[in-house]
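Just so you know, all these numbers are worked out from the coordinates, no wet-lab data involved. Note that the coordinates shown come from a computational prediction; the quantities given were computed from them, not determined experimentally. In this analysis, Cβ positions are derived from the backbone assuming ideal geometry, glycine residues included, and neighbour counts consider all displayed protein chains.
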Amino acid sequence: MLWSLNAEIAESSPRHQHEIFEFVLCRGSGGRLFTDDGEIEFRSSRTILVPPNIPHRFSFGEGEIGRLKIVCAPPEDLPRYLSPTQVALVNGLGAAGVTMADHPDKELCLSQLSDMITDGFGNDDVRTEQLKWSAANLLLALHAQARHLAQDHSVYRHRGKIQDIVTWIENNLKEDLTIEQAASLFGLSRSLLTREFRLHTGRSFVDYCNVRRVQKAATLLVTEFGSVTQAALESGFSNLSHFHRQFKMYFGLTPAAFRRKVAEDGGLSFRL
């Protein structure tokens, strides 16, 4: 989910850090952001991306007011709403630490996109949530573009091969897939594949396989008339206890409860 607010801030904040990406759009000048690496002034049409677990604080002098749009997102949500390439973009930005970009000729565009991300703390319907993520993705793309994170940046060096591996996973979900198999088949070392796969998908190899199997099982449960066991086996789960744990971890419901909820609601309430 995305958390967002428009704020006029005049009081300095204590030094803090959190396990989320924090994107700041400056809608006026006044105040600054302090990190261990220095300070960044809040200037009109400036964007700032603070990666997870980076200590920082907002500071305002006498008479200063910061007019900010702040958008926050947990890293674990990125693969649910962004493509692998988009996840790689955000992770590439995050690897650079706190980044700043100025957009003097895109003030109106930035304002319109940020207004599409309505203020609040999640709990939106699926369509609204997808719209907000689409706007956030465009804001991040503009930030990256201004930071000159071009398509030939090192973060994209292994993009094609990771996309091939993702396709291979999709075509073989029923098999017992291992990262060693993938590394051997696609000519990468295990350590390189481990690092690059997480960078481009936001998940470990095992976690990605489990999530895709759970998503496939959910689709089968609401489109087919077979049993829960059949859905599990068709999705690549041979251990039913493991399937139930993974499914509930992802959807917050058991497979049977998920099927009932969809039937009662008359449609899908989840992004599959």
(Q) Explain nothing, just compute: Karplus ³J(HN,Hα) = 6.51 cos²θ - 1.76 cosθ + 1.60, θ = phi - 60°, for every residue of region 110-120 in order, whole Hz, x for Gly and Pro. (A) 4, 5, 5, 5, 5, 5, 6, 9, 5, 5, x
Q: Give the angle, between 0 and 90 degrees and rounded to the nearest 10, that separates the Cα long axis of helix 255-265 from the longest principal axis of the Cα atoms of the chain.
A: 70
Q: Convert each backbone phi in region 75-86 into a coupling constant with the Karplus relation 6.51 cos²θ - 1.76 cosθ + 1.60 (shift: θ = phi - 60°), then list the ³J(HN,Hα) values in order as whole Hz, x for Gly and Pro.
A: x, 5, 7, 4, x, 7, 10, 10, 6, x, 5, 5
Q. Quick one: length gained pulling Asp125 to Leu253 fully straight, 0.36 nm per residue minus the C-alpha distance?
A. 44.3 nm
(Q) Please compute the length gained on full extension between Arg159 and Glu39, using 0.36 nm multiplied by the number of residues separating them and subtracting their Cα-Cα distance. (A) 39.9 nm
**Q.** lysines whose Cα lies under 17 Å from that of Lys174, excluding same-chain neighbours fewer than 8 positions away
**A.** Lys216
(Q) Expected output is a single nm value to one decimal: the length gained when fully extending between Glu76 and Glu107, i.e. 0.36 nm times separation in residues minus the C-alpha distance. What is it? (A) 8.2 nm
Q. Around Pro51, what is the net charge, scoring Lys/Arg as +1 and Asp/Glu as -1 over all other residues with Cβ under 11 Å from its Cβ?
A. -2
Q.
Just to confirm my numbers, what's the Cα centroid distance between region 52-82 and region 96-135 in Å?
A. 12
Q: Would you grab the residues whose amide H sits under 5 Å from the one on Glu41? Only those 5+ places off in sequence or on another chain, please, with H modelled 1.01 Å from N.
A: Leu33
Q: Of the options Leu93, Cys109, Leu131, report the single residue whose Cα projects farthest towards the positive end of the charge dipole of region 84-131 (beta-carbon charges: Lys, Arg +1; Asp, Glu -1).
A: Leu93
Q | Helix-derived mean residue ellipticity, 222 nm - over the chain, DSSP H n ≥ 4, -39500 (n - 2.57), to 500 | A | -14500 deg cm²/dmol
Q. Can you work out ³J(HN,Hα) from phi for every residue in region 60-73, in order, using Karplus 6.51 cos²θ - 1.76 cosθ + 1.60 and θ = phi - 60°, giving whole Hz and x for Gly and Pro?
A. 9, x, 4, x, 7, 10, x, 9, 10, 10, 10, 10, 10, 8
(Q) Just to confirm the number: angle between the C-alpha axis of helix 240-251 and the first principal axis of the chain, 0 to 90 degrees, nearest 10? (A) 30
Q) Translational D (Stokes-Einstein, µm²/s) of region 186-253 at 20 °C and 1.002 mPa s when Rh comes from the Kirkwood sum over C-alpha pairs? A) 165
